[in-house]
Amino acid sequence: MKVSPWQSRIHRAQELAGQHPFAAEILGFYVHVARFQEELYRRLSTALQSPAASVERELAASELSELSSRFEVFLGVSEAHGPKALAELSRELRARGCDSWCELLQTGWIAPSPSNVQELLAQLFLQPYAELLRARAPLAPSHTAYALCPFCNRKPGFGVLRQMGDGGARSMVCSFCLAEWEFRRIVCPGCGEENDKNLAVFTASEFDYIRVECCDACKTYIKSVDLTKNGRAEPLVDELASAPLDLWAREHGYAKLQSNLLGM
Ligand SMILES: [Zn+2]
């Protein structure tokens, strides 16, 4: 039986939680989120057959009614399994009821990146729907010159290096719809800097297959998961697990180009 992308990520999250105690809580939460997301994806793929295959628009009434009915379940998952602050917020949101959920989902859908924890929660919930619409859309040409998602125009959440010829080719992965597009290796996705003197790459022995790619021109960084060095990695999950690298980068004055949907 073919294993779904969510199942592969769940399996990897469980494996990494065992190896990295510091990441066990967030990965444990991710496992519950991923189970919910898989179910939501399947449900929406039959329940919402015909909406426009674009995310750069407001959600229609039919979409909002379907989504908000599931948002309550999602808030329950987050309340039961999320980190403390998120769990408390989820309980509050659950008490507010349907109208406020619709408003929050609409805001989260439009926002280029979450500006507060509520919007973060909304985007985490909406992510499978963005992925579903992208899967239905005709493939957009990859705009390798821009570090914005060719489908939904958001910033990449992380990079991936895949084997190509003798080396690794880099691509960016959208923080929202998870589209992946090729992106030149020696270019900052934050500001387009091409001078390699300003583009430093750091690694740490604990995650020797994850590159912290920093730019001294705009002082941002992004992590890229090098699949040529670790073929077992599930980039989205390994990016989450390697939180100490984020701490390191921030201590050294770099801001993350785009935080992931668990807010790190
Ligand atoms: Zn996207």
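Here are the numbers for this structure:
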{"quantity": "Distance between modelled label sites at Ser100 and Asp166, nm, 7 Å Cα→Cβ extension", "calculated": "6.1 nm"}
{"quantity": "Surface per residue (accessible, 1.4 Å probe) for the chain, Å²", "calculated": "47 Å²"}
{"quantity": "Calculated FRET value between Asn116 and Leu148, using beta carbons and R₀ = 22 Å, to 0.05", "calculated": "0.50"}
{"quantity": "For region 138-260: relative contact order, % (alpha-carbon pairs under 8 angstrom, 6 or more apart)", "calculated": "23 percent"}
{"quantity": "Charge dipole (debye, nearest 20) of the chain; +1 at Cβ of Lys and Arg, -1 at Cβ of Asp and Glu", "calculated": "360 debye"}
{"quantity": "Cα point-scatterer Debye curve for the chain, base-10 log of I(q)/I(0) at q = 0.13, 0.17 Å⁻¹", "calculated": "-0.86, -1.45"}
{"quantity": "Rounded to 10°, Cα long-axis angle of helix 61-81 versus longest principal axis of the chain", "calculated": "70 degrees"}
{"quantity": "Whole-percent pair-distance distribution, where bins are 10 Å wide, for the alpha carbons of region 130-264", "calculated": "13, 45, 36, 6, 0"}
{"quantity": "Gain upon complete extension [Glu56, Gln7; 0.36 nm per residue less C-alpha separation]", "calculated": "14.8 nm"}
{"quantity": "Ranked packing of 177-188, 14-25, most packed first, by mean Cβ within 10 Å", "calculated": "177-188, 14-25"}
{"quantity": "Assigned charges on the beta-carbon of Lys, Arg, Asp, Glu; region 224-264 dipole about Cα centre (debye)", "calculated": "40 debye"}
{"quantity": "Helix axis angle, 84-96 relative to the chain longest principal axis, alpha carbon, degrees", "calculated": "30 degrees"}
{"quantity": "Extreme residue, positive dipole direction of the chain, given options Ala200, Ala130, Cys98 (C-beta unit charges)", "calculated": "Ala130"}
{"quantity": "Within the accessible area of the chain (1.4 Å probe), percent carbon and sulfur", "calculated": "52 percent"}
{"quantity": "Burial order of peptide ranges 39-46, 222-229 (average beta-carbon count within 10 Å, highest first)", "calculated": "222-229, 39-46"}
{"quantity": "Over region 8-92, relative contact order from alpha-carbon pairs under 8 Å, at least 6 apart, %", "calculated": "27 percent"}
{"quantity": "Among Asn116, Pro150, Phe176 the positive-end extreme of the charge dipole of region 67-191 (Cβ point charges)", "calculated": "Pro150"}
{"quantity": "Percentage relative contact order, the chain, counting C-alpha pairs under 8 Å, at least six apart", "calculated": "17 percent"}
{"quantity": "Hits among lysines - C-alpha to C-alpha of Lys256 under 30 Å, sequence gap 8 or more where chains match", "calculated": "Lys84, Lys155, Lys197, Lys219, Lys223, Lys229"}
{"quantity": "Helix 24-47 vs. the chain, principal-axis angle (Cα, 0 to 90°, nearest 10)", "calculated": "60 degrees"}
{"quantity": "Ranked by how many other beta carbons lie within 10 Å on average, peptides 69-75, 125-131 from highest", "calculated": "125-131, 69-75"}
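The values are calculated or read from the model by the stated rules, or taken from the named source; none is laboratory data. Model, not experiment: these values are computed from the prediction. For neighbour counting, all protein chains shown are included, and Cβ atoms are generated from backbone atoms with ideal geometry for every residue, glycine included. We work out accessible area using only protein heavy atoms, side chains counted, and drop any ligands, DNA or RNA first. Shrake-Rupley method; radii C 1.70, N 1.55, O 1.52, S 1.80 Å.
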